[in-house]
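In what follows, a structure is listed as structure tokens, so that the remarks can point back to it.
The values are calculated or read from the model by the stated rules, or taken from the named source; none is laboratory data. Because the structure is predicted, anything quoted here is derived from the model rather than measured. Here the Cβ positions follow ideal geometry from the backbone for every residue, glycine too, while neighbour counts run over all protein chains shown. With ligands, DNA and RNA removed, areas are computed over all heavy atoms of the protein, side chains included. Shrake-Rupley method; radii C 1.70, N 1.55, O 1.52, S 1.80 Å.
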Amino acid sequence: MTTADRLPAAALAEPVERVGGGWTSALSLANGAIWVGWYGPLQILLASQAKDFAPGSGMSKETMLAWVTGAGAMVSLAANPLFGALSDRTTSRRGRRTPWIVAGAAGGALSLLLLAGAGGVWTMALGWCLVQLTLNAAFAAVTAAVPDRVPRLQRGSVGGWLGAAQILGVVGGTGLATVAGGVGAGYVACAVFTAVGVLPYVLRYEDLRLAPEDRPAWSWRRFATGFWLSPRAHPDLGWAWLTRFLMNLSNALVLLYLLYYLRDRLHYSDPDEGVLILTAVNGVTLLATVVVGGVWSDRTGRRKPFVIWSGLLMAVATAGLAAWQTWPGAIVAAAVLGVGFGVFTSVDFALMTDVLPKALDRGKDLGVINVANALPQVAAPALAAPIVTYLGGYRVLYLVAAVIGLAGAVLVGRIRGVE
């Protein structure tokens, strides 16, 4: 049997050989670099630009930020499953996933540089939509590499390291945006890190290749209809998607107006610094649990109890933001949220890969699942803006977020095919 004969089987087979620490570290760094490109803007830079561009625009800074982030999230909704499906069909000599990681990271860096030069809301919106388009191409390929290469009972620990890289990317992006010395410099710093961070993985590790004869014949109809994963045909996948959506919606409601919450409700003296401190506190406690939770889940062979209890803990912390609206209360909430979200991040990722229907469609199916990450970015501004402006302010906002997160934790129990 030739190498060309063996590679398609490897690309589509269920993996059995454990991956090493170098592979996991390099993929985690690539994942973290993508999150730097997202969260430097989301935590600091976009809010700062909205504050600068809002006067004279006819919109409040809250409404402008909601409109821009919502438009970007709409792009993300389509981009992640689309590029996941395209990577499934890619027969490049560099493999199915690597070309999209390279193109997505490079495009994301260029889009961040466009945002650095934005002179108004329209350029800001265009730049952010391009960031979402390109970085989602890279992210879809990075996440699909896990079920391609990692056996089931190692996915919790690998998911934990990816989750650790994610929060380090959030903290790193926030830090770069804060200390770079201005909005433009912040975007440049995030762009450089995003482009450089994927290089160790794409240069050092060879991707699995798909032979042209193993790629299904092209059909526009089959390609378009393939994005619909029937909850009736795949009920576990449907419930898993819904629980992830609710958990991420709750988290998005907490994060969206954090800068404004510190400035306008808590009257914190330096809200930019406050966001960085809370993000760092959250990151420390998340890092303390994200890998441990994934490894523990792998060893027990169970997923659902970890997701349920982490969701309950996150709901309690979010409710605390509503009940204890002080700077110490915000620090405690950030710490407790980190503990819960750390376990949730690693174990939920493993759970999602456990319910994927077909090896040939891993990228596309994970892209559809990742819509549960992007759709909350659309729903959160639509919910948060009227609540903060007309329906009771930040106290009501965080109570709503707690109830949504609690619903997500409870519905995990409906998944039947996973322990």
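For region 212-286, the list of trypsin sites (Lys or Arg not before Pro) that fall in a loop by DSSP and count at most 11 other C-beta atoms within 10 angstrom reads Arg232. Rounded to the nearest 20 debye, the dipole size of region 7-148 about its Cα centre is 220 debye, using +1 on the Cβ of Lys and Arg and -1 on the Cβ of Asp and Glu. For the chain, a Gaussian network of Cα nodes joined below 10 Å ranks Pro216, Pro15, Pro271 by mean-square fluctuation, and the top entry is Pro216. The HN-Hα couplings worked out from phi for region 331-339 by the Karplus form 6.51 cos²θ - 1.76 cosθ + 1.60 (θ = phi - 60°) are 5, 4, 4, 4, 5, 5, 4, x, 4 Hz, whole numbers, x standing for Gly and Pro. The magnitude of the dipole of region 180-250, with charges of +1 and -1 set on the Cβ of Lys/Arg and Asp/Glu and taken from the Cα centre, is near 240 debye.
Would you please give the FRET efficiency between Ala233 and Val16, computed as 1/(1 + (r/R0)^6) with r the Cβ-Cβ distance and R0 = 30 Å, to the nearest 0.05? E(calc), rounded to 0.05, equals 0.65.
Across the chain, Cα pairs under 8 Å and at least six residues apart give a relative contact order of 27 percent. Comparing Thr345, Thr134, Thr300 in a Gaussian network model of the chain, where Cα atoms under 10 Å apart are tied by springs, the biggest mean-square fluctuation is seen for Thr300.
Each residue of region 165-176 was assigned a 3J(HN,Hα) from its phi angle through the Karplus curve 6.51 cos²θ - 1.76 cosθ + 1.60 (θ = phi - 60°); the sequence is 5, 4, 5, 5, x, 5, 5, x, x, 5, x, 4 Hz, with glycine and proline shown as x. Rounded to a whole number of µm²/s, how large is the Stokes-Einstein D of region 145-250 at 10 °C and 1.306 mPa s, given Rh as the Kirkwood radius over C-alpha pairs? D = 87 µm²/s. Residues considered: Trp161, Trp23, Trp220. Largest GNM mean-square fluctuation over the chain, using C-alpha springs under 10 Å, is found at Trp220. In plain terms, the chain from Glu273 to Thr225 could stretch by 12.6 nm, reckoned as 0.36 nm per residue minus the Cα-Cα distance.
Between helix 21-40 and the chain there is an angle of about 40 degrees, using the helix long axis and the longest principal axis of the Cα atoms.
When a 1.4 Å probe is rolled over the protein heavy atoms, the share of accessible surface on the chain that falls to carbon and sulfur comes to 66 percent. In the assembled protein chains, Val188 presents an accessible area of approximately 60 Å² (probe radius 1.4 Å). Each residue of region 49-54 is assigned a 3J(HN,Hα), and the resulting list reads 5, 4, 4, 6, 8, 5 Hz, derived from the Karplus form 6.51 cos²θ - 1.76 cosθ + 1.60 (θ = phi - 60°), x at Gly and Pro. Each of Ala47, Pro216, Thr123 was scored by the projection of its Cα onto the charge dipole of the chain, and the greatest displacement toward the positive side belongs to Pro216; charges sit on the C-beta of Lys, Arg, Asp and Glu. By the helix-only formula, in which each DSSP H run with n ≥ 4 contributes -39500 (n - 2.57) and the sum is divided by residues, the chain has a 222 nm mean residue ellipticity of -25500 deg cm²/dmol. Rounded, prolate or oblate: pick one for region 137-187, where a ≥ b ≥ c are the square roots of the eigenvalues of its C-alpha gyration tensor, a/c under 1.5 means rounded, and failing that, prolate if a/b is larger than b/c, else oblate. Judged from the Cα gyration tensor, region 137-187 comes out oblate (a/c at least 1.5, b/c at or above a/b). Placing +1 on the Cβ of every Lys and Arg and -1 on the Cβ of every Asp and Glu, with no other charges, gives the chain a dipole of roughly 780 debye about its Cα centre. When a/c is below 1.5 the answer is rounded, else prolate if a/b is larger than b/c, else oblate, so apply that to region 60-118 with a ≥ b ≥ c taken from the square roots of the Cα gyration tensor eigenvalues. Since a/c reaches 1.5 but b/c is at least a/b, the shape of region 60-118 is classed as oblate.
One Cα centroid belongs to region 351-390, the other to region 16-74; the line between them spans 15 Å.
Post the alpha-carbon centroid distance, region 312-338 to region 256-278, in whole angstrom. Computed from Cα coordinates, the inter-centre distance equals 14 Å.
Of the options Ala315, Gly329, Pro386, report the single residue whose Cα projects farthest towards the positive end of the charge dipole of region 288-419 (beta-carbon charges: Lys, Arg +1; Asp, Glu -1). The one lying farthest along the dipole's positive direction is Ala315.
What order, most packed first, do the peptides 310-322, 332-344 have when packing is the mean number of other Cβ atoms within 10 Å of each residue? All intermediate terms of the calculation are to be shown ahead of the outcome.
On the way: 310-322: 22.5, 332-344: 24.7.
In descending order of packing, they fall as 332-344, 310-322.
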